[in-house]
1. Scanning for something in a strand (DSSP E or B) and under 30 Å from the mean Cα position of the chain (by Cα), does segment 426-441 turn up at least one residue?
2. Kindly provide the set of residues from segment 382-414 that are among the hydroxyl-bearing types (Ser, Thr, Tyr) and at pLDDT below 90, ordered by number.
3. Pull up segment 578-607, narrow it to residues that are small (Gly, Ala, Ser) and exposed (fewer than 10 other Cβ atoms within 10 Å of the Cβ), then point me to the one that is modelled with the highest pLDDT.
4. For segment 188-221, what are the residues that are in contact with a Gly (Cβ under 8 Å, 6 or more places away or on another chain) and either modelled with pLDDT of 95 or more or closer than 13 Å to residue 110 by Cβ (or both)?
5. Can you name the residue in segment 312-351 that is of a type in the set (D, E, K, R) and at negative phi and, of all such residues, is modelled with the lowest pLDDT?
6. Give me the residue from segment 176-221 that is at negative phi and among the small types (Gly, Ala, Ser) and, out of that set, surrounded by the most Cβ atoms within 10 Å (Cβ to Cβ).
7. Could you identify the single residue in 496, 479, 441 that is free of Cβ contacts under 8 Å to residues at least 60 places away in the same chain, more than 16 Å from residue 531 (Cα to Cα) and not small (Gly, Ala, Ser)?
Amino acid sequence: MIASKQFSLLLLLLAHACARPDELPAKLLTERVSEASASAAASPSPSPPQPTVTQSIESPIATTIATTPAERSVESEKLETPAAPTTTAASPLPESSTSTEVPEYLKNCFYAEEKLCLNWLATGNDPNAAERNDAGNAGGQQESGDSVAAPTATAGSAAGDPSENLTMNSGQVGSHDRDINSCQCREHPTRPGSWYCCNLSHINMISSCGNISKWTNLHVRNLTVPALDLSNSMFRSLQSLAITDGNITQLTNAFPKFSSVLRCLDFSNNKIVEIAPRAVKDVPHLEFFGIANNLLSRVPNRNQNKNMPLDISGNMRMLCEPLNDLIYTDSFIFVNPDRSFCLYNATHKWFNSTDLVSVKQLESIKKCGTKCPTNCVCNIYNIMIIQNDQSKTVCNVDCSNLGLVELPQQLPDNTFTLNISNNRISSLGDHFHTNPTYYNIVKLVADNNQISSIYEFEGTKFIEHFQRLYMRNNSLSKIPEYFLNNALMDTDGRRIYLAENRLQCDCNSAKTLQNWLKERSTDIPDYMDIRCRNLPQSVIELQESKLCQSPPDWTDYIYYLIAAEVILLLALITKVSYDYWVFKTSGYLPWPASKMPKLPCDWLCES
């Protein structure tokens, strides 16, 4: 009677689980099974023997954590209830499947579902599985009568994330309890030739398997070895090799030369800090290389194939400088560039810092060359870190030694450095006023040209924010101190180089320009080498006393003429006064006056 009541209770529980599988916590299942077992044990009279009923109950909240690229891209699960050998009262759980298109670069990759490892551990191959199941059940299982399998998820899963406890349970399985010289791998149930291994502590747990040469794909989860030798012969026949979610710290040696079969290679979610430089150098047909979520600082030497998909997301120690070379040579196509970062050493005005820059920003190096002027060389020059914004790529445009007679009409976006040295350019034109691609330039190298004036810089954005201006050995005749003086008021490390320009020197040069150059000696480091075209000396050597003399002119004698006139006037007055005195005293007229004829007006003087 009691056994019949217990059987009815179990049927009721299973019917409720099938009706609402998403709301029945594992703890409730365990408690009700325990109550049924306790009721049977407390019965005072033995019950007649009943037919054995074997049931398999899987927790409806058991889920799988997607830790591989395939699981992140495609999640397809099917929950099954195995048939009992005699009588079963459990209905199969409803199937749930979700499919997403697999990225093209993962078409040849094989990843075993994590639930395969969990099911493997739950079947009893693991010596500790029974003890954990007994500990997880409240009251344990009944030794006689009905046998009920413990739910996969623990009671904690009902309240929190169910996958958390699944992962914990799989990690608790001690691989050290298994024979390291016995095969610990299984063939995938639906993909012949594809094998998976779980929780291995030694590589012999794979090599001990038979017919490895016939394996096509291999996925190893949680391999806890410090170093993995890639030259191992058991990898020769594989098309896909994934060793994920383990504790590997180093990949040594390299795959054998011309490993023509291997197409997918994934070492994601380990603790790898170093990969042999030539690890994948001789794998010509490799279509995907995954090393996400490790501790790497650089990527090994590139594969023979260009544009091979590479996943480095989650490596927070990756350096930007080696990645720049890979991007520039089109060695890899970076998967998840928005979530892949590298460390960039930035130099600021007052300090140096290390910033995280996304690979997507590094890839803009290619854009730097899309608008590159003909025959010029455009490449990445720097990364500018902008607060509260994404980093910005800085382009360097080199158009030197091309025989140009004018500035390029178009520059790449964010051009910060322009080199037009060693050409035949005579004028800057209006590019700095009207061409937006010139607005961001902070360094202009225009040495060894024929530029005759820099007045074109007046009123431009360049003169407001430039850092370096190289105008050495040009044809400048004058230096416009008035607007350069304003530009250098707040120097902020600005420098202007004007050596070997031959200016038209005059008195103003000796009076004004010379003093201005001395005051701006820090901003114009080569001021000593600015020379005069009309004098055999530098501007700084000019002498005001020599240059500021006026040429001879009649106005220089005006003072002498005035002095002579004054003297003659005084002499005339003196002579007239003397003659008058003589005439009054003696009555004699001066000799000239006695010879003159008398005039009608003389009577006025005689009266």
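1. no
2. Those that are among the hydroxyl-bearing types (Ser, Thr, Tyr) and at pLDDT below 90: 391, 393.
3. Looking at residues that are small (Gly, Ala, Ser) and exposed (fewer than 10 other Cβ atoms within 10 Å of the Cβ), I get 586.
4. If the condition is that a residue be in contact with a Gly (Cβ under 8 Å, 6 or more places away or on another chain) and either modelled with pLDDT of 95 or more or closer than 13 Å to residue 110 by Cβ (or both), then 215, 216, 217, 220, 221 are the ones that fit.
5. Of everything passing the filter in segment 312-351, 349 is modelled with the lowest pLDDT.
6. Out of the qualifying residues, it is 194.
7. None of the other options fit; the residue is 441.
Listed here are the residues, each with its yes/no results for (1) surrounded by fewer than 20 Cβ atoms within 10 Å (Cβ to Cβ); (2) within 19 Å of residue 394 (Cβ to Cβ); (3) among the charged types (D, E, K, R).
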position: 411; (1), (2), (3): no, yes, no
position: 423; (1), (2), (3): no, no, no
position: 445; (1), (2), (3): no, yes, no
position: 468; (1), (2), (3): yes, yes, yes
position: 474; (1), (2), (3): no, no, no
position: 478; (1), (2), (3): yes, no, yes
position: 481; (1), (2), (3): yes, no, yes
position: 485; (1), (2), (3): yes, no, no
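The values are calculated or read from the model by the stated rules, or taken from the named source; none is laboratory data. Model, not experiment: these values are computed from the prediction. A quick note on method: Cβ atoms are made from the backbone with ideal geometry, for glycine too, and the neighbour counts reach across all protein chains shown.
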